[in-house]
Every structure is written in C-alpha cells, then in structure tokens.
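The values are calculated or read from the model by the stated rules, or taken from the named source; none is laboratory data. Since the structure is predicted, the reported quantities are computational estimates derived from the model, not experimental observations. Neighbour counts are summed over all protein chains in view; Cβ atoms, including those assigned to glycine, are modelled from backbone coordinates with ideal geometry.
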Amino acid sequence: METDPRLALDLAGIKMRNPLIAASGCYGFGFDYLPWVDPRDWGAIALKGMTLKPRAGNPPPRLAETPSGLLNAIGLQNPGIDYFLEAIRPRLGELGCPVIANIAGESVEEYRELAAILDRVAEVSAVEINISCPNVRRGGISFGQDPATVEKLVGAVRRVYRGPLIVKLSLEAGDIAAVARAAESGGADILSLINTLKGMVIDVHSRRPLLGNITGGLSGPAIRPVAVRAVWEVAGAVSLPLIGMGGIASAEDALQFILAGAAAVAVGTANFVHPHVAREICRGLQRYLDEQGMGHYSELIGAARG
C-alpha cells in the first residue's frame, strides 16, 4: 500500500507511515501473516509479549468465542528473550516497519532486566510494558492495580531503556486515570489502552468453565464502548500521546478512538477475522479525510472533546 503523508506521524520518536499498530498478542512476532499481508500496511507492529524465561502458558482450552468478542487465556506463552535475540531479531528487518517489543514480568527486577537487554537491540523501536501481570512480591496482585507500584515499575524501566517507552493500561485498577498519571510521573512516553477485560464462559453441557484457566481476557467489538470511554478519561488526565485499542475493526471504529484523544490505534482480534484489516482501515481514513477536506488526520485527535 502506498504511503499517504496525511496519515504519517511521529509517535514520541516512533516514525510511522500511518497510525495503525498490530496489537501485541494478535500478530505473533510479525512473520505469521507474511504469506497474505504486507507488513508495511501497518504503521508499526507490537510483538508477542516476552518474558525472561520461556513460558508454556495456560492449559487448554485457551480460546472461546463470545458474542462480538473472543476470550483468550494464552498465559503469555513465549520462547523467552534468549530465543528472541537468537532467532527473531535477525529477521525483524523483513517487516519493513517499526517494531514494538512487549515485555512482561513477575517482579520489577524482571521488567528492568528485559528493558536493559532491549535497550541494546537496534531493531526494536520501542518497548511496551504490560502492567497487567501478577506481582509475585505482592501476593500476585496485578502491577497495574496500584498507582504507586506503577510509578516505581515505570521509573525502574525508564532508567535502563532510552527509547520510546509505552505503558499498557488495564481497567483492573478501577481508577485508570490515576494509574495513567502514575505512569506519566514514572517516565512513560506513550500510554496504550485498554488491555483485555476479565471474563469467563461456562459450558452448560459439561457444567464446567470452558477455558482451562477458568477466566480469560475479553477482546473484540464487545469491549469497544468501554475502551473508547477509557481513552476519553485518560486523554483528559495526562499530556502523553495515547494508543487506543479495543474492538477496532473499521475506519469508523478507529476514528472514535482518535476523536476521543488517541494519537494512534492498535488492532488485535480483527486480524483473526480479516487479515487485510489494516489496509482497509487506512483506505477508510483516507476517504474520511477527503470527505471532510482535511489535510492531516492529526486534526481529528481529541476533536470530540470540544
């Protein structure tokens, strides 16, 4: 797809040809879609979440379709940072677009160690911190539930990682605006939101939870109104650029997030249904700009806020 300068942006140092990001966890390490999709259709690709050591993930079943959505309980299955450096890093140039590394850990020290390693990986344009992980030092509660913990975690990563730093927010905290301000205070450059919402499905025939992990993360169009509301609230609480996500499957969906205050948007579950979704959304954004007589999509960021 040809680059349209009206869609190009510099997202806190990430040079993107359009505001679309392939969301972490839905695009692997970027190579699975190569037989069907030109990765340059994306402004950037967020890689599958990585941990220090390999993780086997949760027991199956791991996926369950729901009305207008998908429950997943993958459990951060990944081959670990050493495999990434040896087998994935040499191929990242094939993608032809900025790459965002998503990291997860069970302690501040794990996050810090991962970030320090990635600071030396030139092929990675930015790091995204998944703060929905359990903090083993605090009884397994999510890092993202406590603003003070978020500020400490982000600060620790900021001290060792010099590139653009993204913090991925979850609604688990309750007051997402307070967590957003804590991430900003800790040194985040960008905030992405929202992560999946916790849900479950019960098989009425077996009378047992359908997922092996009992609960999973809900994504897809079902969560979009909640995600748009969260972007609206956070945009009013911080001065950082935002990446909005949650059920985006069309240009109109993306525009809702942009109008609420997002500078970029990430597309996840829709890739499983329609692999060419990035190209179609970009074309839809171009048509919208034509219809509105606008010179650049950035004129729309937060426009619904008055």
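Below are the figures for this structure:
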| read-out | value |
| --- | --- |
| Output for region 271-306, where each listed residue is within 23 Å of residue 40 (Cβ to Cβ) and without any contact (Cβ under 8 Å) to a residue 12 or more places away in the chain | 290 |
| Selected residue (only one of 219, 192, 142, 185 is out of contact with any His (no Cβ under 9 Å at 6 or more places or on another chain), polar (S, T, N, Q), at pLDDT 95 or above and surrounded by fewer than 22 Cβ atoms within 10 Å (Cβ to Cβ)) | 185 |
| Among the residues listed as 75, 28, 13, the single one being modelled with pLDDT under 95, surrounded by fewer than 21 Cβ atoms within 10 Å (Cβ to Cβ) and of a type in the set (Gly, Ala, Ser) | 75 |
| Any hit, region 88-105, residues being surrounded by fewer than 16 Cβ atoms within 10 Å (Cβ to Cβ) and over 30 Å from residue 4 (Cβ atoms) | yes |
| Unique residue being crowded, with 17+ Cβ neighbours inside 10 Å and either part of a helix (DSSP H, G or I) or of a type outside the set (A, V, I, L, M) (or both) when the list is 179, 167 | 179 |
| Failed item, numbered, when residue 287 is tested on (1) more than 20 Å from the chain's Cα centre (by Cα); (2) among the basic types (Lys, Arg); (3) under 25 Å from residue 12 (Cα atoms) | (3) |
| Region 80-109 residues that are of a type in the set (Asp, Glu), paired with ones that are surrounded by fewer than 21 Cβ atoms within 10 Å (Cβ to Cβ) and at pLDDT below 95 (beta carbon under 6 Å, 6 or more apart) | 106/136 |
| Failed condition for residue 198, given (1) closer than 24 Å to residue 249 by Cα; (2) of a type in the set (D, E, K, R); (3) at pLDDT 95 or above | (3) |
| Of all residues making up region 153-186, the number that are within 16 Å of the chain's Cα centre (by Cα) and acidic (Asp, Glu) | 1 |
| Region 31-63: number of residues that are surrounded by 17 or more Cβ atoms within 10 Å (Cβ to Cβ), more than 17 Å from the chain's Cα centre (by Cα) and part of a strand (DSSP E or B) | 1 |
| Members of region 234-262 found to be within 26 Å of residue 28 (Cβ to Cβ) and buried (at least 24 other Cβ atoms within 10 Å of the Cβ), listed by number | 242, 243, 244, 245, 246, 247, 248, 254, 257, 262 |
| Residue, farthest from residue 103 (Cα to Cα), within region 195-253, restricted to residues that are part of a loop (DSSP other than H, G, I, E, B) and among the β-branched types (Val, Ile, Thr) | 204 |
